[in-house]
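The values are calculated or read from the model by the stated rules, or taken from the named source; none is laboratory data. Please read these numbers as outputs of a predicted model, since none were measured by experiment. Cβ sites come from the backbone with ideal geometry, for glycine too, and all protein chains shown count toward neighbours. Accessible surface is based on the protein model in full, side chains and every heavy atom, while ligands, DNA and RNA are left aside. Shrake-Rupley method; radii C 1.70, N 1.55, O 1.52, S 1.80 Å.
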Amino acid sequence: MSIGERFAQAQASALRFDLTKPLDGWTTVSGKWAIEDVPGASQGGRALVQRATDNEFNVIVAPGGPYGNVDVSVRFKPISGREDASGGIVFRFAEGRYYVIRANALEGNFNFYYYDRGRRQIAGASVKAPALGQWHKLRIAAVGDHIRGWLNDQSLIDRRDSRFTSGGIGLWTKADSVTAFDELSVTPLNG
């Protein structure tokens, strides 16, 4: 069964996070994360915003999991950043190790990394840079070692990597990125 077929079967069991409420149960690894009013946010005009500008990477992990085979989507809005203006989805987060798929509004790229005491790129794609101040959609699907990534519904990453098999789901920014996140949805997939 393909990732697409598994996703269609599992959509009914999707977990949608209400990003208008306090972040009870969330784990801040690094960064300054808060619920704020954000123009264009779908949940009553409120979204999760990361505002720290002096960390190498900013990560927050959602409650729930661990997830192995999973489909995750989120809308993100890069608000500002001079060194970096990015947003990403962290998946299979465990003991500080994780995968991240992210888009960068300053560099015009969409990349897939693993993080284990340092970030290492697995795959990347050149794209039209996601515009600052506009909402964009990120999505990943991971089944076993098969990992796919989409930016604005365009499939750009299709790789195999078996380094991490299960863990939490979260959100990610880098350096001085100020980024809003909205409509986080996690769908467990059958293996």
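Just the residues that are of a type in the set (A, V, I, L, M) and touching a helix residue (DSSP H, G or I) at 6+ places or on another chain (Cβ under 9 Å), please, taken from region 148-191. Lay out the reasoning, then the answer.
First, the residues of region 148-191 that are of a type in the set (A, V, I, L, M): 151, 156-157, 169, 171, 175, 178, 180, 184, 186, 189.
189 - this is the single residue of region 148-191 that is of a type in the set (A, V, I, L, M) and touching a helix residue (DSSP H, G or I) at 6+ places or on another chain (Cβ under 9 Å).
In summary, residue 63 fulfils each of the numbered conditions (1) free of Cβ contacts under 8 Å to residues at least 60 places away in the same chain; (2) open to solvent by 10 Å² or more (accessible area, probe 1.4 Å); (3) within 18 Å of residue 154 (Cα to Cα); (4) of a type outside the set (Phe, Trp, Tyr) with the single exception of condition (3).
Selection over region 110-130 of residues that are surrounded by 12 or more Cβ atoms within 10 Å (Cβ to Cβ), in a loop (DSSP other than H, G, I, E, B) and without any contact (Cβ under 8 Å) to a residue 40 or more places away in the chain gives a count of 2.
Considering region 38-64, the residues that are of a type outside the set (A, V, I, L, M, F, W, C) and part of a strand (DSSP E or B) include one that is farthest from residue 174 (Cα to Cα), namely 43. So, of the residues in region 89-108 that are more than 19 Å from residue 163 (Cα to Cα) and buried (at least 19 other Cβ atoms within 10 Å of the Cβ), which turns out to be nearest to the chain's Cα centre (by Cα)? Of everything passing the filter in region 89-108, 103 is nearest to the chain's Cα centre (by Cα). A single entry from 155, 185, 166, 177 fulfils the requirement of being hydroxyl-bearing (Ser, Thr, Tyr) and free of Cβ contacts under 8 Å to residues at least 24 places away in the same chain: 155.
Pull up region 70-88, narrow it to residues that are assigned to a strand (DSSP E or B) and of a type in the set (D, E, K, R), then point me to the one that is most open to solvent (accessible area, probe 1.4 Å).
Filtering region 70-88 down to residues assigned to a strand (DSSP E or B) leaves 70-80, 86-88.
Now narrow it down to the ones that are of a type in the set (D, E, K, R): 71, 75, 77.
Details: 71: 3, 75: 49, 77: 23 Å².
Here the residue is 75.
Which one is surrounded by the fewest Cβ atoms within 10 Å (Cβ to Cβ) among residues in region 11-37 that are part of a loop (DSSP other than H, G, I, E, B) and basic (Lys, Arg)?
To start, the set of residues in region 11-37 that are part of a loop (DSSP other than H, G, I, E, B) comprises 14, 17-26, 31-32.
Okay, now just the ones that are also basic (Lys, Arg), so 21, 32.
Details: 21: 10, 32: 15.
That would be 21.
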